[in-house]
1. Being more than 30 Å from residue A:5 (Cβ to Cβ), small (Gly, Ala, Ser) and either loosely packed, with under 14 Cβ neighbours inside 10 Å or under 24 Å from the mean Cα position of the chain (by Cα) (or both) narrows it down to one of B:131, B:113, B:135, so name that one.
2. Name, by its number, the condition in (1) in contact with a Leu (Cβ under 6 Å, 6 or more places away or on another chain); (2) away from chain A (no Cβ under 11 Å) that does not hold for residue B:95.
3. Any residue at all in the stretch B:195-210 that is on the phi > 0 side of the Ramachandran plot and touching a residue at least 24 places away in the same chain (Cβ under 8 Å)?
4. Just for the stretch B:163-205: of the residues that are among the hydroxyl-bearing types (Ser, Thr, Tyr) and under 28 Å from residue B:241 (Cβ atoms), which one is surrounded by the most Cβ atoms within 10 Å (Cβ to Cβ)?
5. Would you call residue B:100 among the hydroxyl-bearing types (Ser, Thr, Tyr) and either in contact (Cβ under 8 Å) with a residue 60 or more places away in the chain or more than 14 Å from chain A (Cβ to nearest Cβ) (or both)?
6. Please count how many residues of the stretch A:33-54 are out of contact with any Ser or Thr (no Cβ under 6 Å at 6 or more places or on another chain), within 14 Å of another protein chain (Cβ to nearest Cβ) and surrounded by 22 or more Cβ atoms within 10 Å (Cβ to Cβ).
7. Tally up the residues in the stretch B:212-233 that are near ligand 2 (Cβ under 10 Å from one of its atoms) and surrounded by fewer than 21 Cβ atoms within 10 Å (Cβ to Cβ), please.
8. Of all residues being without any contact (Cβ under 8 Å) to a residue 60 or more places away in the chain and either surrounded by 22 or more Cβ atoms within 10 Å (Cβ to Cβ) or in contact with a Lys or Arg (Cβ under 6 Å, 6 or more places away or on another chain) (or both) in the stretch B:77-91, which is nearest to the other protein chains (Cβ to nearest Cβ)? Just the residue, please.
Number of protein chains: 2
Amino acid sequence: DSLNQAQYDTVYNFFSLVIAAQLFASIFMLVSLNRVLPRYRQAMTVAAVVCGIAAYHYFRIFDSFKTAFVTDAVGGRGDYVQVAGASFNEGYRYVDWLLTVPLLLLELIAVLALARRVQTRLLARLIPASALMIALGYPGEISGDDGLRGLFGVLSTIPFVYILYVLFVELTRSLDRQPASVRKTISQLRLLLLLTWGVYPIAYFLPMLGLDGADAWVGKQLGYSIADILAKALYGLIIYRIARMKSFADD
Amino acid sequence: DSLNQAQYDTVYNFFSLVIAAQLFASIFMLVSLNRVLPRYRQAMTVAAVVCGIAAYHYFRIFDSFKTAFVTDAVGGRGDYVQVAGASFNEGYRYVDWLLTVPLLLLELIAVLALARRVQTRLLARLIPASALMIALGYPGEISGDDGLRGLFGVLSTIPFVYILYVLFVELTRSLDRQPASVRKTISQLRLLLLLTWGVYPIAYFLPMLGLDGADAWVGKQLGYSIADILAKALYGLIIYRIARMKSFADD
Ligand SMILES: CC1=C(/C=C/C(C)=C/C=C/C(C)=C/C=O)C(C)(C)CCC1
Ligand SMILES: CC1=C(/C=C/C(C)=C/C=C/C(C)=C/C=O)C(C)(C)CCC1
């Protein structure tokens, strides 16, 4: 497959955008740590770490992209083709997710500052389920075979649905004790989570619908980039906002 | 296009100047954070993050420039031509702006410490308008076509004018409650904003006026560099000054 210059530049710029967004969201949250009460700093530290991990992985993805596609046109004004001896490594994303997806769930539970018992019970379900979801998706992603892709995709969807069940049914029961304004923001946060996390399985199943070629590939990279910014950086900033509101309410 | 050595060196030195100015403005503001009252730290943190994001992007711009133009003259005393296989990526600037322009408006509103309701109302107008302005400029910038450049430029000017309207008409109404000395500094800040932000659309429309060639290109890079220093680093330092004055006034 080859990319034209506009496609190449756009992917390039989006990867760089993700690096900047994650890196500076992370720095912003670290600097703002002592603007919330100590009991909410755990959640914010985790949010900052998640964005830092994402920035690291996007440095790698960016680099992998730059090495994998080359042109020989003067001023880069030509087609970019895949080079011999290097590949664009899609597997990176799963490494990132394996670390960040459980941490994103931890952030969400930590900022609620629920009773320790409730917190432990929720995390004991969410964290293993999320790790399992990512681990089951990986073999499907790297296999070239549509059958295997479908099989592991469906297996991975089981823990995904279970996570949504825990968040939307079980967690709801623990929300009455939160201040009203916080309850609203948490609902928004959960909605953001649903909308952004939904992007990943959709992108995963797209190649099976016959959507292929350079445009589909570029679309997928942009989709992942935007979803990653929303699901980590914006999500972290909303966690910060919740922590600020609760810090005022508790005072 | 090719650059002579003086042109190449000048662009090189200006890019490096921007990196130094943004990076150390950012560090200065982070270090000075606790010299202002807590209620102004949000604005200053955002100002520091904006300069940090700009420093990051100028590292990339610098790098892109160094890879894109090469010479084979001994001691570099010759003409610099565009290399095969790499381009000078102008699109970066839009990625930078997409993040920093909304944040610059956020800084301005945050340092005023207006009533929460007024603040939310102003930001709900300024932030989407500024994101729209940048997003509409991008397709025009990367298209080689003068017609498309003109069309998207005009479309992007609509939110730009709207932003100026909100800042110069609506915001004015909220300024009476600021201390007199602060009011003056805020007016200066707004003027700085108008003068520096005006540079970008002018630079955008220049190629359509037939101003082209190496000199025009070098002029554009220097213009952007100076405007970026004024609109982010100097602007941030004025925000700091306002925050200091208000911290004394509030005490
Ligand atoms: C259901 C499902 C998947 C779910 C992936 C998800 C939900 C990933 C979330 C990633 C996040 C939130 C990243 C951080 O920003 C896979 C593994 C694609 C495989 C196909 C089935
Ligand atoms: C009106 C207009 C534009 C405005 C750009 C502006 C106002 C950019 C501001 C950038 C800043 C402030 C950067 C940070 O320092 C574009 C997009 C060039 C396209 C043409 C029309």
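1. Exactly one of B:131, B:113, B:135 is more than 30 Å from residue A:5 (Cβ to Cβ), small (Gly, Ala, Ser) and either loosely packed, with under 14 Cβ neighbours inside 10 Å or under 24 Å from the mean Cα position of the chain (by Cα) (or both), namely B:113.
2. (2)
3. no
4. Result: B:200.
5. Judged against the criteria, residue B:100 is a match.
6. Result for the stretch A:33-54: 1.
7. Within the stretch B:212-233, residues that are near ligand 2 (Cβ under 10 Å from one of its atoms) and surrounded by fewer than 21 Cβ atoms within 10 Å (Cβ to Cβ) number 3.
8. Among residues in the stretch B:77-91 that are without any contact (Cβ under 8 Å) to a residue 60 or more places away in the chain and either surrounded by 22 or more Cβ atoms within 10 Å (Cβ to Cβ) or in contact with a Lys or Arg (Cβ under 6 Å, 6 or more places away or on another chain) (or both), the one nearest to the other protein chains (Cβ to nearest Cβ) is B:87.
Each reported figure results from applying straightforward, stated rules to the coordinates on display, with no laboratory input. Keep in mind it's a predicted model, so treat the numbers as computed, not measured. Every residue, glycine among them, receives a Cβ derived from its backbone with ideal geometry; neighbour counts consider all protein chains shown.
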